[in-house]
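The next block holds one structure in the form of C-alpha cells; read it before the comments.
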Amino acid sequence: MSDDGDIIPSVMQNGGNQYKIKENSFLPSAVVENNTNMSFENSKPAENYGPDQVLPASEKYTSKANGRVTLRVEAGADNTPISVPGLLTRSAELYGDLPALNYKSANKWVKVTYKEYEQNVRTVAKAFIKLGLERFHGVCIIGFNSPEWFYSDLGAIYAGGFAAGMYTTNLVDACFHCLETSKANIAVVEDSKQLEKILSVKSRLPHLKAIIQYEGKPTEEGVLSWEDVMRIGSAESDDKLNAVLKTMGVNECCTLVFTSGTEGASKAVMVSHDNLTYNAYMITKFLSLVNGKEVLVSYLPLSHVAAQITDIYSAITLGAQVYFGEKDALKGSLVNTLQAARPTVFLGVPRVWEKINEKLVSIGRKSGSLKKYIADWAKEVGLNHYEDAMKGVDRETYSYKFFRWLIFSRIKSAIGFDRCKYFISAAAPISVELKKYFMSLDIPLCEAFGMSECGGAHTLSNPTDENVAGVGKTLEGVRSKIDKPDKDGNGELCVYGRHVFMGYLNMPDKTEGTLDTDGWLHSGDIAQIDDKGYVTITGRIKELLITAGGENIPPVLIENNVKAALPVVSNAFLIGDKRKFLSILLSLKCEINAETAEPLDTLTPEVISWLSSLNCKFTKVSEVVANKPKEVFDAIQKGIDAANKKAISNAQKIQKFTLLPIDFSLPTGELGPTLKIKRPVVNDKYKDLIEEFYKN
Ligand SMILES: Nc1ncnc2c1ncn2[C@@H]1O[C@H](COP(=O)(O)OP(=O)(O)OP(=O)(O)O)[C@@H](O)[C@H]1O
C-alpha cells in the first residue's frame, strides 16, 4: 500500500508496538453520522486494524458492554478519530524523551518520560491480560492520584477492558456497585484501607480474578503488589496484547465513569475512545496550548471525568508534564506541589477556588493598615483591567503594570502560579463574585461546563469574555441547543457531538431518557445561549425546587447570593420543594481536622473576628448554635435580606434560616467528590430541622 492515501495504519511486524499511527489515516467501515467531509467508506468490516479503526455500527447509543456506536462527526471537523492507545503511542513517538509524569519518592521528584510512560502502560496491560482481564470487563481503581493509577487506567484500556475509577470516599456498597456493574476482573487499590473494602465483598464478585495493592507490600494472602504486576507483565511477549489492540475500535467503550450520585444512585457512563480523545483535542485546541511545553498538577479525584480529561488525556495529547499532588493536597499540601511544579494550566473545582480565596483573605486580614490600603488599591486596578478587557478595551495601564510587578506577581509566585496561563474552574457552578475576586488579583478564571456524559468539557470561557456569568462558548465540532426555551430563552441545554457518551451500562431506559432519538444529550441543566453563542447555566432541572405554589426555583443561584452577602457562611442549602415558602440551612466557616478533613467545632479566625465585631465572644459553632446570640442572628438576617433583594419574585425570597451544628464535608457525606452538595443526603440528614421550618 502506498503512503499516499494510505487508509490503514501500517502494522510493524516485529516486536514492540505492532501498530503505528499515521497522521490523517482514515479507516474503512466507518459509520459516521451527519454531513461530514471525512472520507470514510461504508465497506466491509476491518476488525483487525485496531485500535484506531471505526468499527461498523448502526446505533446512536447502546447500553451493552460490547456495543458500538456511530460517530457524530461534524462537517469541517479537522481531526481524525484516534483511540486511547493510538494517542499514547503517538505521544511516545513525538515526545519520547520528554518528561511525562513527575512523582515524589523519598522526598525527591522522579521523572518518567513519554517512552517509559507508554512502556509501563503496555507492561501493565500485558499483566492484566495474563491475570485474566477479558474484553469489556472492568478494572476498578481506587486510590489517590499516582502514576500507578494512570498505568492501571490506561493498561485496562490497552488490554481491551474498561477503566473504572472509584472514589476513595466510596463506602463498601458503592465499591461493590462499581465492581459488580463493570463485571470487574481486576481491582487495583492504593493501600490496606481501600483493600479492606474490596476484601469484604470479594466473595460476592464472581468475575473478580485479581486484586492489586500498589502502595507498600500487601500482607493479605493472594493480593498482588505493584512489583508483582510489573514482573508478570515484563515476562509476557507482546503478541496477546497486540492481538487485542487489533480488534479494538474508537467507537467502543473504554472507560466507565461512575456518576458521583449528587442526584441519586450512581450510573456507569460508557465513554468511548473517540469521546475522550476528541474531547482532549477540543480543549487543548481552544486554549491554544503548546505541545511539549505545558505543566499540570494532578490532585482532583481521577474517578471524575474532569480530572481524567485534563490530567490523563489532555496531557497526553499535548505531551505535557504532570506532577502528582500528595494525598493531603486539599488539606493544605497542594501549595507545595504547585510551587514545585509551577503549572502552566491549573484546574480547580469551585470549592478549591473558594478555599484559595479564603486563605488569601485570611492572610490579607493579618496585614497592617498601609499594606491593606495598597492591596485594596491594587485589587481595584486589577478588576478594572479585566472589566475593561471584557468590554473589548485591550490596554495595560501603568498602574496595572505597576501592581502586576509589585503585588500580583508576588501573590502568584507564593501560590506557584507565576507561569500559569490558564486558571480553570469546572464541574460545578462558580459565583461571579469569586470570578471577580480572582480577576482583581490578576488570576482571571476560565470556566468549563461539562458532564461525565460528554466525556469532559462541552463549553469553555475565556477570562475576558464579556459574559462573566457564562460558561463560554460551545467547543469546536460539537453543538448546543436549548430545548423548549421560555420567553427569556431559558430551557434545557442539549448537547450533540463526538464527545457525547455511548449510554449508561445495562440501563437502556435511563439511556433513552437522556439521549433522544436524534442523538442529542439532554443535560438536565437549564441554560440560555445569547446571540453571540455564550452559554449561561441558569439552573439544574434535576435540582429545581418546585414550590407548593408551582414556582420553579434554581437553588444554587440563590445560595450563591446568600454566600456573597454573608462571607462567613461556608455552605448554604435552600429548601422549598413542594413547600409554601423558601428556607435555608447555613453552616459557618470552621477549622478542618488536618488528618481526616472533617469539619471541627472551632470557627475560622475570619468568623471569630466577625462575631467579635458584633460583640459576641464565641469561638465555636456549637456555642453560636446553642445560644443564638441576637446580634449575630440579626446580622445573618440582614445578609438574607440583601440576598432577597436580588430575588426575581416574592416566591424566590428566603423566609427562614437556621444554623447547622457542623459544616458540610466530603468525609461526612454532604459533599460529593467534586465538592458539589449531595442534595438527597442533606435533605435526609436534616429532615427534622427542615420540618421545624414548616410547622404550622
Ligand atoms: N461550569 C459549570 N457551571 C454550572 N454547572 C456545572 C458546570 N460544570 C458542570 N456543572 C454541573 O455538573 C453536572 C455534571 O456533573 P458530572 O457529570 O460531573 O456528574 P457527577 O458530579 O459525577 O454526578 P451527578 O450526575 O450525580 O451530579 C452538569 O450537568 C451541571 O449540572
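The values are calculated or read from the model by the stated rules, or taken from the named source; none is laboratory data. All values derive from a computational prediction rather than experimental measurement. Backbone-built Cβ (ideal geometry, glycine too); neighbour counts: all protein chains shown.
Structure above, values below:
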| read-out | value |
| --- | --- |
| Hey, residue 509 surrounded by fewer than 17 Cβ atoms within 10 Å (Cβ to Cβ) and either near the ligand (Cβ under 10 Å from one of its atoms) or without any contact (Cβ under 8 Å) to a residue 12 or more places away in the chain (or both) or not | yes |
| Qualifying residue in segment 295-313 (condition: of a type in the set (Gly, Ala, Ser) and not assigned by the TED database to the domain that holds residue 97) | no |
| So residue 415, is it surrounded by 15 or more Cβ atoms within 10 Å (Cβ to Cβ) and either at pLDDT below 90 or within 16 Å of the ligand (Cβ to nearest atom) (or both) | no |
| Conditions (1) in a helix (DSSP H, G or I); (2) more than 25 Å from residue 51 (Cα to Cα); (3) modelled with pLDDT of 95 or more: number failed by residue 174 | (3) |
| The listed residue being in contact (Cβ under 8 Å) with a residue 60 or more places away in the chain, within 16 Å of the ligand (Cβ to nearest atom) and either out of contact with any strand residue (DSSP E or B) (no Cβ under 8 Å at 6 or more places or on another chain) or not polar (S, T, N, Q) (or both), out of 210, 268 | 268 |
| Residue satisfying all of: in segment 294-349; part of a helix (DSSP H, G or I), within 18 Å of the chain's Cα centre (by Cα) and not hydrophobic (A, V, I, L, M, F, W, C); nearest to the ligand (Cβ to nearest atom) among these | 308 |
| Options 69, 112, 84; residue that is of a type outside the set (Ser, Thr, Tyr) and touching a Gly at 6+ places or on another chain (Cβ under 9 Å) | 69 |
| In segment 661-679, the residues that are over 18 Å from the mean Cα position of the chain (by Cα) and among the hydroxyl-bearing types (Ser, Thr, Tyr) | 668 |
| Matching residues in segment 209-236 - criterion: being over 19 Å from residue 120 (Cβ atoms), surrounded by 14 or more Cβ atoms within 10 Å (Cβ to Cβ) and more than 28 Å from the chain's Cα centre (by Cα) | 209, 218, 223 |
| Options 580, 542; residue that is surrounded by fewer than 17 Cβ atoms within 10 Å (Cβ to Cβ), within 30 Å of residue 474 (Cβ to Cβ) and among the charged types (D, E, K, R) | 542 |
| Where residue 647 falls short, out of the listed (1) surrounded by fewer than 18 Cβ atoms within 10 Å (Cβ to Cβ); (2) at pLDDT 90 or above | (2) |
| Test: residue in segment 240-256 that is assigned to a strand (DSSP E or B), within 16 Å of the ligand (Cβ to nearest atom), crowded, with 19+ Cβ neighbours inside 10 Å and within 29 Å of the chain's Cα centre (by Cα) | yes |
| Yes/no for residue 184 being within 16 Å of the ligand (Cβ to nearest atom), buried (at least 22 other Cβ atoms within 10 Å of the Cβ), at pLDDT 95 or above and not hydroxyl-bearing (Ser, Thr, Tyr) | no |
